[in-house]
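Report on the following structure.
The values are calculated or read from the model by the stated rules, or taken from the named source; none is laboratory data. Predicted model only: the values in this text are computed from it and were never measured. No Cβ is skipped: glycine too gets one built from the backbone with ideal geometry, and neighbour counts run over all protein chains shown. Heads up: the accessible areas ignore ligands, DNA and RNA and are worked out on the full protein's heavy atoms, side chains in. Shrake-Rupley method; radii C 1.70, N 1.55, O 1.52, S 1.80 Å.
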Amino acid sequence: MAPILGGGNNRLYRVDTAAGRFALKCYGPLEARGDRLGNEFDGLRFLAAGGAVAAPAPIATDRGRRMALYEWIDGGPANPAPADGIAQALAFVAALRHAGDTRAAGWVGTATEACLSGAELLRQIDSRLAALSLAPDLTGFLSEGVAPLRTLAGMRMAKLYADAGLDTSADIPMAGRVLSPSDFGFHNAVRRPDGRLVFVDFEYFGWDDPVKLTADLPWHPGMTLSPDQVCAWLAGTVALFGQDPSFAVRLSAQIPLFGLRWCLIVLNEFLPERWLRRLAAGGSDLDWQQAKATQLAKARGILARVSKLAAIDDPPSLSSFQSPSWSPLWTTGPATSDSW
């Protein structure tokens, strides 16, 4: 066995045996947010049975010891996203959508921190704001930067929903949901030597709004996407989910708020309990003050883009997401001019 570094929530090992090489994942204690082991192992078993091959196969599990054994994927990082990465990501999402159309998907629960309504998205943002407000070194950033944008973006969503005759408090129906890894992207993918991508990390797997799946990928701070790749991703998801007449409205109304949600997620390092989890996962050599400074810089970059999006009041349409002229979302990166 050899430890694999890089996981923020678990311990991961490469296991060499007479039967071959495997990945052993140790999940730690069961959490209030849900059974990460069960979500991942059972979700991957379901997807493997349905032929979704762009994910590691589950081999065995010891739920009492909170461990699971998976297929070992030989390859390297997939981030920055390769030239054909968006096409492969969209093909995998299409496979997830197909898997969700089967009767066998009835056992799957709701994804962890799913956002099935506009009201739930706002609730999650407010909950994270309340938790982070206990960190004294974030007081100014939250009160002067995040809170006003939360109000502005929330009002914008309410107006777009009202104009379209939608209710922000109503969950989207099952027919409009999609199976989602809930932490989907190239940061959680391995690129095989032949160029094929294998998507990993299904700890939060379940049903969710395709708007969240769409918005999370370009907003994720660990992602490196070009403007063309962001446009291709949005255009591709519109092609997959645009038959739902409310999809464009929900995406336009919620995408600034998902940016705000990610702005708060990257500040988790300011929470002592989350920092202890990082250390327990193998990050004992990390410096907390440096980590907090790094994450705050990321949050400031995300907030700058949210402020531009929250000011857009053009009526949403499906075609608007297929053009970079729709918004400044992907024209200003957090660190470099050529990255999202």
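Are any of the residues in region 282-296 modelled with pLDDT of 90 or more and surrounded by 21 or more Cβ atoms within 10 Å (Cβ to Cβ)?
Scanning region 282-296, I find no residue that is modelled with pLDDT of 90 or more and surrounded by 21 or more Cβ atoms within 10 Å (Cβ to Cβ), so the answer is no.
Identify, please: which residue in region 164-188 is in contact with a helix residue (DSSP H, G or I) (Cβ under 8 Å, 6 or more places away or on another chain) and farther than 23 Å from GLN124 by Cα and is, among those, least open to solvent (accessible area, probe 1.4 Å)?
PHE186
Taking the options LEU251, LEU264, LEU240, LEU197, name whichever one is of a type outside the set (Lys, Arg), in contact with a helix residue (DSSP H, G or I) (Cβ under 7 Å, 6 or more places away or on another chain) and either farther than 24 Å from LEU160 by Cβ or at pLDDT below 90 (or both). Spell out the reasoning first.
Numbers: LEU251 fails: either farther than 24 Å from LEU160 by Cβ or at pLDDT below 90 (or both); LEU264 fails: either farther than 24 Å from LEU160 by Cβ or at pLDDT below 90 (or both); LEU240 fails: either farther than 24 Å from LEU160 by Cβ or at pLDDT below 90 (or both).
Exactly one of LEU251, LEU264, LEU240, LEU197 is of a type outside the set (Lys, Arg), in contact with a helix residue (DSSP H, G or I) (Cβ under 7 Å, 6 or more places away or on another chain) and either farther than 24 Å from LEU160 by Cβ or at pLDDT below 90 (or both), namely LEU197.
Kindly provide the set of residues from region 27-53 that are surrounded by fewer than 17 Cβ atoms within 10 Å (Cβ to Cβ) and of a type in the set (A, V, I, L, M, F, W, C), ordered by number.
LEU30, ALA32, ALA48, ALA49, VAL53
Within the set of pairs 6 or more residues apart or between chains, which connect a residue that is open to solvent by 30 Å² or more (accessible area, probe 1.4 Å) inside region 65-89 to a residue that is part of a helix (DSSP H, G or I) with Cβ atoms less than 6 Å apart?
Hits for this filter: ARG66/LEU37; ASN79/PHE186; ASN79/HIS187.
Quick one: ILE125 ticks every box in (1) under 20 Å from the mean Cα position of the chain (by Cα); (2) open to solvent by 20 Å² or more (accessible area, probe 1.4 Å) bar one, so which box is it?
Of the numbered conditions (1) under 20 Å from the mean Cα position of the chain (by Cα); (2) open to solvent by 20 Å² or more (accessible area, probe 1.4 Å), the odd one out for ILE125 is (2).
Hey, could you check region 189-212 for residues that are among the hydrophobic types (A, V, I, L, M, F, W, C) and in contact with a strand residue (DSSP E or B) (Cβ under 9 Å, 6 or more places away or on another chain) and say which is surrounded by the most Cβ atoms within 10 Å (Cβ to Cβ)? Please lay out each step first, then the result.
Pass one, region 189-212, residues among the hydrophobic types (A, V, I, L, M, F, W, C): 189-190, 197-200, 202, 205, 207, 211.
Still in the list and also in contact with a strand residue (DSSP E or B) (Cβ under 9 Å, 6 or more places away or on another chain): 189-190, 197-200, 205, 207.
On the way: ALA189: 25, VAL190: 18, LEU197: 24, VAL198: 20, PHE199: 25, VAL200: 23, PHE205: 29, TRP207: 19.
For region 189-212, the residue satisfying everything is PHE205.
So which of ALA253, ALA215 ends up being without any contact (Cβ under 8 Å) to a residue 60 or more places away in the chain, of a type in the set (A, V, I, L, M, F, W, C) and open to solvent by less than 10 Å² (accessible area, probe 1.4 Å)? So that I can check it myself, show each step before the final result.
Values: ALA253 fails: without any contact (Cβ under 8 Å) to a residue 60 or more places away in the chain.
After ruling out the rest, the residue left standing is ALA215.
Within region 292-310, is even one residue within 30 Å of ALA94 (Cα to Cα), in contact (Cβ under 8 Å) with a residue 24 or more places away in the chain and among the hydroxyl-bearing types (Ser, Thr, Tyr)? It would help to see each step written out before you state the result.
At the first step, the residues of region 292-310 found to be within 30 Å of ALA94 (Cα to Cα) are 302, 305-306, 309-310.
Now narrow it down to the ones that are in contact (Cβ under 8 Å) with a residue 24 or more places away in the chain: 302, 305-306, 309-310.
From what's left, among the hydroxyl-bearing types (Ser, Thr, Tyr): none.
For region 292-310, residues within 30 Å of ALA94 (Cα to Cα), in contact (Cβ under 8 Å) with a residue 24 or more places away in the chain and among the hydroxyl-bearing types (Ser, Thr, Tyr): absent.
For region 67-89, what are the residues that are farther than 23 Å from VAL230 by Cα and in contact with a helix residue (DSSP H, G or I) (Cβ under 6 Å, 6 or more places away or on another chain)?
The one that is farther than 23 Å from VAL230 by Cα and in contact with a helix residue (DSSP H, G or I) (Cβ under 6 Å, 6 or more places away or on another chain): ALA68.
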